[in-house]
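FYI, it's all coordinate maths here, none of it is from the lab. The structure presented is a predicted model; accordingly, all values stated were derived computationally and were not measured. Cβ atoms come from the backbone with ideal geometry, glycine included; neighbour counts cover every protein chain shown.
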Amino acid sequence: MGLEAVAALRRDLVREMGRVIVGKENVVELLAAALLCEGHVLIEDVPGIGKTIIAKTLARCLSCGFSRIQFTPDLLPSDITGIFFFNQKAGEFEFRPGPVHTNIVLADEINRATPRTQSSLLEAMEERQVTVEGHTSLLARPFLVLATQNPVELEGTFPLPEAQLDRFLLRISVGYPSQPEEIAILRRFAGPAPLDEIEPVATSEQVMDLVAAVRAVHVAEPVAEYIVALTRATRQHQSIELGASPRASLSLYRAAQALAALRGRSYVVPDDVKQLVEPTLSHRLVLRHEGRLRGEAMGRVLRGIVDATPVPVEPLPGAAVPAD
């Protein structure tokens with residue numbers, strides 16, 4: 001499959017998810033980019049915005065395995081990864097896979113589980129495998145964790161550690177709908193559940209073919225240098241205590257490839273990178289204490305870094321519109 005199929009996937013996802021999700025085409029595009037990067041997404045916003053329904057709708061649009069894990073304080077690591085149990089009939093121990101053994105995992109309210117339980121996802125998210133009592137099982141591909149959390153209600157929650165946050169390719173905030181969109185939501189959900197009308201637009205095999213196509217998207221040397229300049233600037237900024245890691249640079253690089261392909265291009269332009277800086281980097285950085293006291297916001301700091309970093313202006317090698 002070529003880049004035409006990648007652009008077609010974006011079009012089909014926007015159409016099908018639009019049957020349930022009103023507006024938010026930019027959110028759908030970012031979810032598609034994460035899927036094609038085999039990355040993971042943290043959807044963070046206040047209750048009632050539609051975080052869970054967005055994740056369920058994406059899963060319904062793909063003919064892939066799906067499981068939902070409701071994170072609670074009493075959830076155990078074995079409830080996610082699986083357990084060995086003694087099969088009396090067979091007279092031996094057998095492995096019973098947990099809900100993480102699928103293509104798309106919805107980790108609902110992930111910050112309500114204990115750090116020990118949260119960390120049980122680390123191996124799965126990074127290495128796409130699960131190890132239980134010395135037994136290692138490879139996970140299906142594509143493998144995507146869609147985690148949701150409420151950043152406002154902190155009672156009874158456990159903040160995600162930096163190591164876990166760094167495993168997420170993107171952090172997305174859905175935001176409140178506009179007035180016309182909110183009226184459309186009332187009309188749409190007044191009748192039968194629109195989620196039941198969703199038709200799959202791709203299989204897991206087709207998604208993996210598209211993943212390979214995205215990796216071939218050209219990133220010119222000036223654009224690669226621009227990506228590195230942005231991430232290195234976060235390590236030197238006076239308001240940032242913990243800057244972006246090399247994994248963050250690679251995430252920004254791959255996400256830009258996916259976004260360019262979704263928009264029908266075989267090459268990355270600086271605007272692709274600019275659009276992805278905040279969702280790719282904001283959750284990986286830590287502001288200094290003084291900055292938090294001054295009320296500085298991470299988004300504003302990142303926008304200042306983007307404005308201060310020179311953009312490549314010379315012609316980009318390979319920057320030719322693909323032939324129809």
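A simple spin-label model places pseudo-atoms 7 Å from Cα toward Cβ; at A7 and V286 they are separated by 4.4 nm.
Using the Cβ-Cβ distance between R300 and I53 with R0 set to 22 Å, the FRET efficiency works out to roughly 0.15. K51: which lysines have alpha carbons under 30 Å from its alpha carbon, excluding same-chain residues fewer than 8 sequence positions away? Within reach: K24, K274. For all pairs of alpha-carbon atoms in the stretch 12-125, what percent lies in each bin of width 10 Å, listed from the first bin to the last filled one? Going from the shortest bin to the longest, the percentages are 12, 39, 30, 14, 5, 1. Between T203 and Q129, residue separation times 0.36 nm minus the direct Cα-Cα distance comes to 24.5 nm. Return the Rg/Rh ratio of the stretch 217-315 with Cα-based radii and a Kirkwood Rh. Ratio of gyration radius to Kirkwood radius: 0.99.
Give the Kirkwood hydrodynamic radius (Å, one decimal) of the chain, defined as one over the mean of 1/r across all pairs of different Cα atoms. Across the chain, the inverse of the average 1/r is 21.0 Å. Distances between every pair of Cα atoms in the stretch 197-257, grouped in 10 Å steps from 0 to the bin holding the largest one, split as 19, 35, 23, 17, 6, 0 percent. Each of R187, R96, R171 has some number of other Cβ atoms within 10 Å of its Cβ, and from fewest to most they run R187, R96, R171. Potential lengthening of the chain between E221 and N87 amounts to 42.5 nm, from the contour at 0.36 nm per residue minus the alpha-carbon distance.
Using a simple spin-label model with pseudo-atoms 7 Å out from Cα toward Cβ, V152 and L165 lie 2.0 nm apart.
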